[in-house]
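Below you'll find the structure, written out as structure tokens, and then a few comments.
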Amino acid sequence: MSEPELTATPPPDRAPELHSPDGRLTLSHDRVRVHSQTFLLLELERAELQPVRWLLWYLLGGFVFTLVALGYLQFWLRTTPAVLGLVLGAVLFIIGQRGTNRLRLYRLAREAAYFSLPGAAESWHPIIAELNRRIQARHDEAAQAAAEAWAAEEAARLAALPPSPPEGE
């Protein structure tokens, strides 16, 4: 039986620290900090960013817009209050359209952590993609270290065994 090859891998280069434009998310070589909560990359499975629209504001804006339009068409409102009501409904509708972004951090053997991130989702996609890449890299490094430790332990165990007698005796 041949002994397993031991190849020591050099430590990986440390990745530069990344910061989001507003400072809410900081990504270092082995950890991520979101809203002053820090997570090790090894305790994370992956990250996901999802744009979320504010449904309540959509509904409220549409409801106000509809009621004011119906009130004006039924001659319950004069022109100036109707225009102000329509503008208010449109503003509420636009606020709902703006929405936010939900960052979901999947943690190993624990519930997911949720965070709200402002701005356009497109501006967050590069840093979230880099976060997922670094999470995968840390897991790959940990798996490589575990395989090397197992190989060293197995080699030590095989070296401690007495030599087997040659066959045919």
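The values are calculated or read from the model by the stated rules, or taken from the named source; none is laboratory data. Computed from a prediction, not measured in an experiment: that's the story for all the values here. With ideal geometry, Cβ positions are generated from the backbone for all residues, glycine too; neighbour counts draw on all protein chains shown. Each accessible area value is taken on the protein alone, full model and side chains, heavy atoms only, with ligands, DNA and RNA left out. Shrake-Rupley method; radii C 1.70, N 1.55, O 1.52, S 1.80 Å.
A probe of 1.4 angstrom, applied to the heavy atoms of all protein chains, finds T80 with accessible area near 100 square angstrom. Computed from backbone phi with θ = phi - 60° and the Karplus coefficients 6.51, -1.76 and 1.60, the 3J(HN,Hα) list for the range 134-141 is 5, 4, 5, 5, 5, 5, 5, 5 Hz; x is used for glycine and proline. Across the range 18-26, computed HN-Hα scalar couplings (Karplus, 6.51 cos²θ - 1.76 cosθ + 1.60, θ = phi - 60°) run 10, 10, 6, x, 9, x, 7, 10, 10 Hz from first to last residue, x flagging Gly and Pro.
Taking amide hydrogens as placed 1.01 Å from N in the peptide plane, the amide H of G99 sits under 5 Å from those of W54, each at least 5 positions away in sequence or on another chain.
Surface composition of the chain: carbon and sulfur make up 62 percent of the accessible area, probe 1.4 Å. Heavy-atom accessible area with a 1.4 Å probe sorts W76, W124, W57, largest first, into W76, W57, W124.
Taking all protein chains as they are arranged and a probe of 1.4 Å, the heavy atoms of R33 leave approximately 90 Å² accessible to solvent. A Gaussian network model of the chain, with springs between Cα atoms under 10 Å, assigns the largest mean-square fluctuation among R107, R53, R78 to R78.
Count charges around R133 for me, please; just the other residues with Cβ under 12 Å from its Cβ, Lys/Arg as +1, Asp/Glu as -1. Intermediate values should be presented prior to the final figure.
Details: positive: R46, R134, R138; negative: E130, D140.
My count for the surroundings of R133 gives +1.
Model label sites at R110 and E167, defined 7 Å from Cα along the beta-carbon direction, differ in position by 5.3 nm. Here the calculated FRET efficiency for L55 and H35, from their Cβ-Cβ distance with R0 = 25 Å, stands at 0.60, rounded to the nearest 0.05.
Angle of helix 55-73 to the longest C-alpha principal axis of the chain, folded into 0 to 90 degrees and rounded to 10: 10°. Annotation: amide H-H contacts under 5 Å for R46 (H modelled 1.01 Å from N, sequence separation of 5 or more, or interchain): Y106.
Using the Cβ atoms and a cut-off under 14 Å, what net charge is assigned to the surroundings of A146, where Lys and Arg are +1 and Asp and Glu are -1?
Summing Lys and Arg as +1 and Asp and Glu as -1 gives -4.
Residue by residue, what Karplus-based ³J(HN,Hα) values in Hz, rounded to whole numbers, does the range 158-166 have, using 6.51, -1.76 and 1.60 with θ = phi - 60° and x for Gly and Pro? Along the range 158-166, the couplings run 5, 5, 7, 6, x, x, 7, x, x Hz. Which of these, L59, L108, L70, has the largest mean-square fluctuation under a Gaussian network model of the chain (Cα springs below 10 Å)? Sorting by GNM fluctuation, first place goes to L70. Ordering L56, L92, L117, L40 by accessible surface, largest first, gives L56, L40, L92, L117; the 1.4 Å probe counts only protein heavy atoms, with every chain in place. Put a dot 7 Å past the Cα of A82, heading toward its Cβ, do the same for H125, and the two dots end up 4.3 nm apart. I'd like the orientation of helix 79-98 relative to the chain: the angle between its Cα long axis and the longest Cα principal axis, in ° from 0 to 90, rounded to 10. On a 0 to 90 degree scale, this one is about 0. Taking the helices alone, the chain has a mean residue ellipticity at 222 nm of -16500 deg cm²/dmol, built from -39,500 (n - 2.57) per DSSP H run of at least 4 residues and averaged over all its residues.
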